[in-house]
Amino acid sequence: MALRLGAYTACLHDRPLTDALDVLQANGLTSVEVNTGGFIPSPHCHVDLLLSSERARREYLDVFAARGMELTGLNCNGNPLNPLPGVGPKHADDLRRTIELAGLLGIRNVVTMSGTPGSDADARYPSWVVNPWDGVYMDVLDYQWGVAAEFWTEIDALARSNDVRVAIEMHPHNLVFSPVTLERLVQLTGATNLGAEMDPSHLMWQGMDVVACIRRLGPLVFHAAAKDAAITPGVDVRGVLDTSFRRVPADAPDRVPTGTGFWCNAWPEDPAWRFVAVGIGHDIDWWTEFLRALAEIDPDMAVNIEHEDSAFGRLDGLVLAAENLRAAADKA
């Protein structure tokens with residue numbers, strides 16, 4: 001199979017880029033995705049330097065080429081529509097700069113999220129509508145989709161002018177969290193350069209048929225993540241929509257920022273679902289079908305592991321995921 005298998009290096013931010021690439025290479029991976037802004041820092045991609053210097057861009061790409069590897073995506077996941085002044089404008093600017101950098105580097109795909117506005121023009125915080133059975137929530141959605149349409153029309157034009165495609169991760173707490181909502185955004189904006197990053201994990205825990213989602217979106221799938229999820233016993237009493245999270249203490253060494261003054265929270269002890277290493281939630285045969293469906297759309301598509309299984313260390317989980325993903329590709 002010609003799909004390019006690789007990894008998103010966020011799980012290896014504890015080491016320099018060269019060391020991270022050596023880890024990927026040792027595990028039979030050739031595709032690389034690095035972070036450029038949004039929710040987390042970008043130690044593997046110095047955006048300011050690369051935007052300002054053609055020489056720096058050549059030298060940066062040479063780091064990958066010297067190892068027989070390819071930079072296939074820039075990741076700028078954030079909430080560019082967040083009404084908080086310390087979050088939304090920064091994430092939006094990060095995205096614009098990432099698109100410009102991707103064009104200069106010759107990188108085809110930028111990965112991001114659609115974002116979520118507030119409930120109305122005066123809202124201070126983002127508001128995700130889950131089930132708009134009450135008419136008032138239709139008013140909220142009308143406002144939010146209007147905000148999204150204006151922003152993403154601009155971003156689509158920017159991507160087009162830089163010969164870049166923006167691959168949106170269908171992630172809950174965003175306006176776009178399913179194939180249906182992705183299609184709505186594309187239709188609202190008349191987009192030519194907006195599509196999907198097919199991260200199956202979020203579709204899994206929402207109960208979707210991932211292969212059916214891939215086939216429905218077809219050529220709108222630009223890029224893919226290899227990330228698994230498992231439904232766990234806590235679902236019996238929590239369901240998959242659960243707010244029983246806890247704040248992470250201010251002195252915790254592993255706090256993950258989500259914006260100015262805000263941090264990722266801790267999961268419940270018995271969650272309804274959790275992210276797991278590739279092959280733990282769904283077996284090799286399932287991943288083989290996943291890869292086959294992607295190859296039907298683009299046999300050259302990049303499929304990058306995103307390791308977020310807290311039961312494994314940074315390296316152990318990545319090694320296991322790579323082993324299982326390669327096994328699935330061998331069967332495809």
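Only the coordinates and a few stated rules stand behind these numbers; no lab work does. Predicted model, so just to flag it, every value in this text is computed and none were measured. Note: ideal-geometry Cβ built from the backbone for every residue, glycine included; neighbour counts use all protein chains shown.
The slack in the chain from LEU188 to ARG67, taken as 0.36 nm per residue of separation less the alpha-carbon distance, amounts to 39.4 nm.
Derived from the Cα gyration tensor, the three semi-axes of the equivalent ellipsoid of the range 207-326 are 29, 17, 16 Å, largest first. Can you tell me how the chain classifies by the Cα gyration tensor, rounded, prolate or oblate, using a/c under 1.5 as the rounded cut? Rounded shape, in that the Cα axes give a/c under 1.5.
Reducing the range 115-141 and the range 1-72 to their Cα centroids gives an inter-centroid distance of 37 Å. The loop-placed trypsin sites (Lys or Arg not before Pro) in the range 268-332, going by DSSP, include none that has at most 14 neighbouring Cβ atoms within 10 Å of its Cβ. Under 5 Å from the amide H of ALA225 lie the amide H atoms of MET198, ASP199, ASN304, each residue being 5 or more positions distant or on a separate chain, with H modelled from the backbone and absent for Pro and chain starts. You can think of it this way: the chain between LYS331 and THR232 has 32.9 nm of extra reach, that is 0.36 nm per residue less the Cα-Cα gap. Relative to the current alpha-carbon distance between ASP134 and ARG247, full extension at 0.36 nm per residue lengthens the span by 37.7 nm. What the Cβ-Cβ distance of ALA266 and LEU315 gives, at R0 = 22 Å and to the nearest 0.05, is a FRET efficiency of 0.45.
Computed from the C-beta positions of ASP254 and ARG216 and an R0 of 56 Å, the FRET efficiency is 0.90 to the nearest 0.05. Projected label points at LEU49 and TYR125, each 7 Å from Cα along the beta carbon direction, are separated by 3.9 nanometres.
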